Amino acid sequence: MQSKGETMKIYADNAATTKPTKKVIETLMHYTEQVFGNPSSLYTTGQIAKDALEDARERIAKHIGCMPNELYFTSGGSESDNQAIMSAAQNGLKNGKNKIISSTFEHHAVLHVLENLGKQGFEIVLLPVYEDGIVRVEDLENAIDDKTALVTIMTANNEIGTIQPIKQLGEVCKRHNVVFHTDAVQAVGHLPINVKEQNIDMLSLSAHKFHGPKGIGALYVKKGISLQSLIGGGAQERRKRAGTENVPGIMAMAAALDEALENLDNKMAYVANLRDSLQKELSKIPYSKVNGNLDNRLPGILNICFEGVEGEAMLLYTDDAGISVSSGSACTSGDLDPSHVLLAIGLPHEIAHGSMRISLCDKNTMEEIEYIAQNVPKVIERLRIMSPIWKDLQEGKKEHVI
Ligand SMILES: Cc1ncc(COP(=O)(O)O)c(C=O)c1O
């Protein structure tokens, strides 16, 4: 029991990674200890592992609405994104297509691959996401043409949580006979996904974003699309992903997704209620602004910026108060530049630097929300007292931007 006045320990950075559930850890242990055979071995010990693997493939495929033979296991979201984009680019070149359309606020696992393809002669078009963090279907209509090899747009953004009109974007691609890939790393396990209903040709997912283990993920590739292998070696994953399969990780990923999707509607409503309660409290802080479209967001993500404070210091102070949050994505927070996502939605640099991403899950409680709501305002107040920028704003030497 936590006694009054004692610092709580609150994990509120679930978009960076999630805590594996008890079931996930038990599954990892079981398949590490008991089902350790190599699925490529023909004797029984190997075939038991192979059967387990195919059972996991079937379960995951069912959850996203594809056929088991359209699902490939990878090491996670980054690898899936790389393989999907590079394959579609190569397929395009074979047909004389060298244009790729994406958006300005994709994850770096997409943007860096596109940057490289740009250097190799591909035309890369990044659609704007506007102040609300949403790609417009009309913009895709205007950009897509008979040179387009691929459209890749994320399902939900990892920093501000905004959900893209995937089904409509996919519909445009379908009409133009262009492959549509979506990085659904933040969406799978948090939103209902059905690749057939949503016109998705390729989809990336990652287990550690839905309480599964790190270093395991999957790529869905619609039947008929040729997939290029990134790794030379054995014939695993129908020759598309060499390397002995991570059976414990794959089984734990399937267990995590089974669990995440159980009563998903109730979980989404519960988490959105926590998020909205926190948003209501933190919005009372003067000169604060919630980022991204408020109606079309992942239930768990709240991205809010505070004028006159600096993100790094804010994180250290909230950490001192026992609260783990982020000031951007975990992948970019080693970097002193403001997040490309916040710049893409038009935030000025100084505001983007003072942003906080709080990402919740169904394991968080209202008591934790109350604790965050009590402590974050104190952190902001302390930082503003020390901030020369805040002093200038107070003295009218600088204009407020929010
Ligand atoms: C939207 C998005 N795509 C891709 C990734 C990379 O996934 P992984 O860590 O499994 O490589 C992340 C992780 O932060 C993400 O949020």
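May I ask for the angle, rounded to the nearest 10°, between helix 247-261 and the longest principal axis of the chain, with both axes built from Cα atoms and the value confined to 0 to 90°?
60 degrees
Can you say what percent of the DSSP beta bridges in region 133-267, counting only those with both residues inside, are antiparallel? Round to 5.
On the way: 6 of 13 bridges.
Percentage antiparallel, nearest 5: 45.
Below 8 Å, C-alpha to C-alpha, sequence gap of six or more: please give me the relative contact order for region 22-261 in percent. List each step's numbers first, then the result.
Numbers: 479 pairs, mean separation 66.1, N = 240.
About 28 percent, as a whole number.
With all distinct Cα pairs included, what does the Kirkwood hydrodynamic radius of region 22-261 come out to in Å, to one decimal, could you say?
18.1 Å
Using 0.36 nm per residue, how much length does the chain from VAL401 to ALA373 gain when fully extended, once their Cα-Cα distance is taken away?
Length difference between fully extended and current span is 7.7 nm.
Long-range amide H contacts for ARG297: which residues qualify at under 5 Å (H placed 1.01 Å from N, peptide plane, sequence gap of 5 or more or a different chain)?
It is ILE163, by chain and number.
If you consider only alpha-carbon coordinates, what radius of gyration and Dmax does the chain have, in Å?
22.1, 78
Can you pull the one-decimal nm distance between simple spin-label points at LYS391 and LYS363, each 7 Å off the Cα toward Cβ?
If labels sit at LYS391 and LYS363, their model points lie 4.3 nm apart.
So how do 154-165, 195-206, 235-246 stack up, highest first, on mean other-Cβ count within 10 Å?
Ranking the peptides 154-165, 195-206, 235-246 by packing returns 154-165, 195-206, 235-246.
Under 12 Å from the Cα of LYS50, which aspartates and glutamates turn up, not counting those fewer than eight places away in the same chain?
Result set, ordered by chain and number: GLU237, GLU245.
Is region 298-402 best put as rounded, prolate or oblate by its Cα gyration tensor, with a ≥ b ≥ c the root eigenvalues, rounded for a/c under 1.5, and otherwise prolate when a/b is larger than b/c, oblate when not?
oblate
Given a cut-off of 27 Å, what percent of all Cα-Cα pairs of region 17-158 lie beyond it?
41 percent
Once phi is turned into θ = phi - 60°, what whole-Hz ³J(HN,Hα) does the Karplus curve with 6.51, -1.76 and 1.60 give for every residue of region 82-96, x standing for Gly and Pro?
Running phi through 6.51 cos²θ - 1.76 cosθ + 1.60 with θ = phi - 60° gives 4, 5, 5, 5, 5, 5, 5, 5, 5, 4, x, 4, 4, 9, x Hz.
Taking a 32 Å limit on the Cα-Cα distance, which of the listed pairs LYS209/LYS240; LYS119/LYS398; LYS196/LYS284; LYS99/LYS196 fall beyond it?
Where the Cα-Cα span goes over 32 Å, the pairs concerned are LYS119/LYS398; LYS196/LYS284.
Calculate how many DSSP beta bridges within the chain are antiparallel, expressed in % of all such bridges and rounded to the nearest 5.
On the way: 20 of 38 bridges.
Antiparallel bridges: around 55 percent, rounded to the nearest 5.
Which order do the peptides 362-369, 377-384 take when ranked by the mean count of other beta-carbon atoms within 10 Å per residue, highest first?
In descending order of packing, they fall as 377-384, 362-369.
Checking the cross-link filter: which lysines have an alpha carbon closer than 16 Å to that of LYS214, excluding same-chain neighbours under 8 positions apart?
Filter leaves LYS19, LYS22, LYS23.
Peptides 354-360, 44-50: what's the order by average Cβ count within 10 Å, highest mean first? If you can, show how the numbers build up before the last one.
On the way: 354-360: 27.6, 44-50: 16.0.
So the peptides 354-360, 44-50, ranked by packing, come out 354-360, 44-50.
Can you give the calculated 222 nm mean residue ellipticity of the chain, where each DSSP H run of n ≥ 4 adds -39,500 (n - 2.57) and the sum is split over every residue, rounded to the nearest 500 deg cm²/dmol?
Numbers: 14 runs with 165 residues, N = 402.
Only helices count here, giving -12500 deg cm²/dmol.
Subtract the Cα-Cα distance of SER226 and GLN90 from 0.36 nm times their separation in residues, and report this length gain in nm to one decimal.
Extra length from SER226 to GLN90 when fully extended: 48.0 nm.
Quick one: 3J(HN,Hα) in Hz for region 111-122, Karplus 6.51/-1.76/1.60 with θ = phi - 60°, rounded, Gly and Pro as x.
My calculation for region 111-122 gives 4, 5, 5, 5, 4, 5, 5, x, 5, 8, x, 6 Hz in order.
Just to check I understand the Karplus step: with θ = phi - 60° and J = 6.51 cos²θ - 1.76 cosθ + 1.60, what whole-Hz values come out for region 143-154, glycine and proline as x?
Taking θ as phi minus 60°, the curve returns 8, 6, 8, 6, 9, 7, 8, 7, 10, 10, 9, 5 Hz for region 143-154.
Collect residues whose amide H, placed 1.01 Å from N in the peptide plane, falls under 5 Å from the amide H of ALA184; neighbours closer than 5 in sequence don't count.
Those qualifying (amide H under 5 Å, at least 5 residues apart or on another chain) are THR155, SER204.
Here, each number is a calculation from the coordinates, and none is a lab measurement. Everything numeric here is computed off the predicted structure, so don't read it as measured data. Please note: Cβ atoms are built from the backbone with ideal geometry, for glycine as well, and neighbour counts cover all protein chains shown.
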